[in-house]
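The values are calculated or read from the model by the stated rules, or taken from the named source; none is laboratory data. Bear in mind that the values here come from a model prediction, so they are computed numbers and not experimental data. Cβ coordinates were reconstructed from backbone atoms using ideal geometry, including for glycine residues, and neighbour counts include every protein chain displayed.
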Amino acid sequence: MVAQVAQGRRSRGRPPVTGLAERRRRQIVDAAFIAFTEHGYEQTSMADIAVLAGMGQGTVYRYVDGKREVLDLVFDYAVERLFESLALDEVLDMIAGIGDVENRNDVIAGMGGRLYGLIDREPGLLKLLSVQSLAADKELKRRVLGIQGIFDSYVRLGLERGRRAGWLIDDPRSHTVLARLLPALILPGLVLSLDGHGSTEFRERFDRAASQLVVGGLLRQGAQFDGTAAPVPSEPVEPPRVPAALFDDRRNALLDAALECFSSSGYNAVGVQEIVEVLGASHGAFYNYYQSKRDLLDALIIRETAVIEAMLPDAGVRLESLADVETALAQGFQHAVQSLAPRLRQLTFMFVEAPGVDAEALRALQRFYQYAATRCEQNVYSVVGADRIAPAIDGEFLGQAFVAMVAAAATLLADGRDSAEEIEECARITARFLLYGLNLAPAA
Amino acid sequence: MSDPTDNAPGEAERDGALRVKRAATLGKVVAGHAVRAAVTATVTSKGDGVARRDADILRFADELATVAGSMKGAAQKLGQLLSIIDMGIASRTAREEFARRLAPLFDSAPRVSDDKMHAVLDQTLGERRGRIVSIDTTAIAAASIGQVYRAVLDDGREVAVKIQYPNIGPMVRADLKNLQLIAKLMAKRLPGANTQAVVAEVQRQMLKEVDYHAELINHQRTFEAFRGHPAWRIPEPIAELCTAQVLVTEFLDGLPFDQLVEQEQSVKDFAGEAIYRFYCGELYHTGFFCADPHPGNILLLPDGKLGFLDFGLCVEMSAADAEIQRAVFRALLCGDNDTAFDLAHQAGFLKDTESLSRPEAIEYMREVSGWHLGEGHLQITPAVARRSVATAMLPNSKFYAGIRNQQLLETHAMARRTEMCVVALLGRLGASAPWSAVARDYLGDAEAATPMGQAIRQWAAVS
């Protein structure tokens, strides 16, 4: 174990030529990368990898111990590619040398361009690093979260340097929130790439919109707000509405038990046996309701998305004062985050791990995400007014970014920042970011 | 202060002082690896980067804090290790800045709620949980992979209950793999910092720490070996209550090492000899030794004996390796340098005689081990300890280039490092003893050298 982790060494036969060994391992990783991104980890066998790599299966086993080790190697390779493509250290250097806001905007646009360019060039890379790795097992999930944490830290470091360079608001608390919101803007592009339908034209629209949002917010320059602010609405944020059970209780109990098992152990590690054990029920009881674990997952997707759907915003009313718009958006965020809070762990499984189960699950959840995004888009457009939104802001992007930002804010909850005040503050900062970009305040 | 034989004495002394001071502070707060980190890290880090710019290193500190800070679990050890390394920073202000930038890593020791930890205990012990009649709600100590609680058993014994964080195994493995990857990526831009070697060290330590089964076996073996020992005590492991997640041992109440340092000289001398005999004596005598001599694992008990804790990092040498090691040490003790060299050469760890010639190798061995080779009483002052460690490990040692090309077998590397850690501890105590006579004593080559030696022989005769 020590040797494996420490040096990535094999315990099996050592090939005579190190150059050859490196080359062979590289071939295996390349082949596995293709297989995993196309068919998923669970569905790929070592035999598949061997065929793609053009070696016998026995040869493959001379260089790696098994599929799990290959997964780690592929993951390493993908992260390496990601970090190389993003050139984060160069970005930080640039930020450190930034003199004015113009340069800042160039850096942001460059960063966005690289990220979205990566989606174009290597759609499989991000898919592997996100949905597929998150679904594989606990250890790899932890690795994904760790890498994501490193990425977030880089963003925070960039923000800190921006503060020192004088082009970012001097408020550490808003930095914490911004550090989550900025990476969230990749999500629309990522989702776009997952189904392989993202065209370059799409990608450019999203890229442009993301840069615009970061740099100046969604408002068109010179957008007119004539009304005076209405008195601060005194009504409290409504408690989330959770729809009544959609199925009879036995079905729901099975779904609850399964969701609990999946959340704590991961979908692949849980069998029907574990699920029925939670309820003290028999195998037979399970098969009265569901044909298989996969069948149950479909039912779970339907139930959980229905719960979220009930929380989605209605089309709002156009507001005539900027202060009201800000308040309304902040309340929308706050409402959404508070609604997610009690079921955070289960929802994390549904929207982070379940998409990696198979292509069908991914498609189902992706469609729901796009639907939710459309609802959010309509809400923002009607509240703000389409004529006041900057032309560079793509509507589809905006809706998806809104959903992504809610999810990003929810991750702050998972870190223990879950008091009502913190959620409120986070919602306020998010609304300001949406309206004004990194400045968090209207342009002077 | 300065050592005339050293090329850049002032700098070396200051570096050493800084390192020892940081190690001292950390020893208290990190459930940690202060001494061994200071020692191992110096081996691996300084390398050829003497001419590196301070700015690069400060940027490295930023990135390190960035990377390690986001791994809330065990992998923070990397930052902790690196922060006490002498990174070869030239200016004092840059050094202070370096420390400041890494500071965030130390504030965020992972802390799991006591409720969750107690839940782990309930779950892992099942029915046996009933044997623990009371347990503190809050932890008395937090380590990187778990927390320690004080408790009482149904037979009235006071125990320390060390509980692993839930799911720590896969989490540690995941963090270590990420760390290795990130170190690899960083190394591309920072040649010479040799982060990979430091990471490998962190990995070794962490994986051993997570393995409570192995630790229990080591602990039991050590406890059995020293029942009724006249100079030290090993807390009794309560094996029937130990699992993969929990280690229950007798609770030893005593003064921590940093208060031991403030005791009278005679107490410190006794403690120093006990530490020397426990770690180095076992290393040479049996080849099975605890490779984790650091302040947090040593207590002064009310009866004057020492208490040694924590057996997560133990090493067992093969009989052949142990024999070679003994033979080399014996030869050095007798002044038979050529035999010592020949043995070390034959055993394969002084391979490259091009870069380290026979006379150089001999001089190196004698300087590193000089503190326990000379005749008579010697007080190990911080300067003595530093000189030994510096000769062994630091790049400004004149042997550095030569010794770096030699291959040390892992067990021997661990043994040498353990010795370095011991001399660092003795230096902090300022302990005095006839070290070479004690060495001949525990090797069985001479009469008991001290009252402690006599007491140990009497104890060994009856047990």
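Being assigned to a helix (DSSP H, G or I), within 30 Å of A:D226 (Cα to Cα), modelled with pLDDT under 90 and in contact with a helix residue (DSSP H, G or I) (Cβ under 6 Å, 6 or more places away or on another chain) is a property that holds for A:A336.
Which of the residues that make up region B:207-258 are among the small types (G, A, S) and assigned to a loop (DSSP other than H, G, I, E, B)? Step through it out loud before you land on a result.
So in region B:207-258, the residues among the small types (G, A, S) come out as B:214, B:225, B:228, B:231, B:239, B:244, B:254.
Listed by number, the residues that qualify are B:G228, B:A231, B:A244, B:G254.
Determine which member of the set A:R26, A:R104 is assigned to a helix (DSSP H, G or I), within 30 Å of A:R161 (Cα to Cα), more than 14 Å from chain B (Cβ to nearest Cβ) and at pLDDT 70 or above. Don't jump to the end; show me each part of the working.
On the way: A:R26 fails: within 30 Å of A:R161 (Cα to Cα).
Among A:R26, A:R104, only A:R104 is assigned to a helix (DSSP H, G or I), within 30 Å of A:R161 (Cα to Cα), more than 14 Å from chain B (Cβ to nearest Cβ) and at pLDDT 70 or above.
Looking at A:T348, is it surrounded by 14 or more Cβ atoms within 10 Å (Cβ to Cβ), hydroxyl-bearing (S, T, Y) and within 30 Å of A:G385 (Cα to Cα)? Working first, answer last.
Working: surrounded by 14 or more Cβ atoms within 10 Å (Cβ to Cβ): yes; hydroxyl-bearing (S, T, Y): yes; within 30 Å of A:G385 (Cα to Cα): no.
So A:T348 fails the test.
Of A:G146, A:G112, which residue is within 14 Å of chain B (Cβ to nearest Cβ), buried (at least 23 other Cβ atoms within 10 Å of the Cβ) and small (G, A, S)?
The unique qualifying residue is A:G146.
Note on region B:170-183: residues that are surrounded by fewer than 19 Cβ atoms within 10 Å (Cβ to Cβ) and either outside any helix (DSSP H, G or I) or more than 8 Å from every other protein chain (Cβ to nearest Cβ) (or both) total 0. Checked against (1) over 15 Å from the mean Cα position of the chain (by Cα); (2) within 14 Å of chain B (Cβ to nearest Cβ), A:V177 passes all but condition (2).
Tell me, please, whether a residue that is at pLDDT 80 or above, more than 14 Å from chain A (Cβ to nearest Cβ) and surrounded by 19 or more Cβ atoms within 10 Å (Cβ to Cβ) can be found in region B:108-120. Within region B:108-120, one or more residues are at pLDDT 80 or above, more than 14 Å from chain A (Cβ to nearest Cβ) and surrounded by 19 or more Cβ atoms within 10 Å (Cβ to Cβ).
Only a single criterion out of (1) within 22 Å of A:E424 (Cα to Cα); (2) modelled with pLDDT of 90 or more is not satisfied by A:I275, namely (1).
All conditions but one from (1) away from chain B (no Cβ under 14 Å); (2) over 30 Å from A:L365 (Cβ atoms); (3) modelled with pLDDT under 80; (4) within 21 Å of the chain's Cα centre (by Cα) apply to A:L157; the one that does not is (1). Among the residues of region A:139-197, write down those that are assigned to a helix (DSSP H, G or I) and among the charged types (D, E, K, R). Listed by number, the residues that qualify are A:E139, A:K141, A:R142, A:R143, A:D152, A:R156, A:E160, A:R161, A:R163, A:R164, A:R173, A:R180. For region A:282-289, does any single residue satisfy the condition of being under 18 Å from the mean Cα position of the chain (by Cα) and at pLDDT below 90? No - not one qualifying residue is present in region A:282-289. Number of residues in region B:227-255 that are out of contact with any strand residue (DSSP E or B) (no Cβ under 6 Å at 6 or more places or on another chain), surrounded by fewer than 19 Cβ atoms within 10 Å (Cβ to Cβ) and among the hydrophobic types (A, V, I, L, M, F, W, C): the value is 2.
Residues in region A:275-311 that are crowded, with 16+ Cβ neighbours inside 10 Å, within 25 Å of A:L362 (Cα to Cα) and without any contact (Cβ under 8 Å) to a residue 40 or more places away in the chain: A:I275, A:F286, A:Y289, A:Y290, A:K293. Entry remark, region A:41-100: residues being modelled with pLDDT of 80 or more and not in a helix (DSSP H, G or I) number 11 in total.
Of the helices (runs of 4 or more DSSP H) that lie entirely inside region B:281-379, those containing 1 or more residues that are at pLDDT 90 or above span B:282-285, B:319-334, B:337-347. Of the residues making up region A:121-143, those that are more than 8 Å from every other protein chain (Cβ to nearest Cβ), within 17 Å of A:D72 (Cβ to Cβ) and hydrophobic (A, V, I, L, M, F, W, C) are A:L125, A:L128, A:L129, A:L134, A:A135, A:A136.
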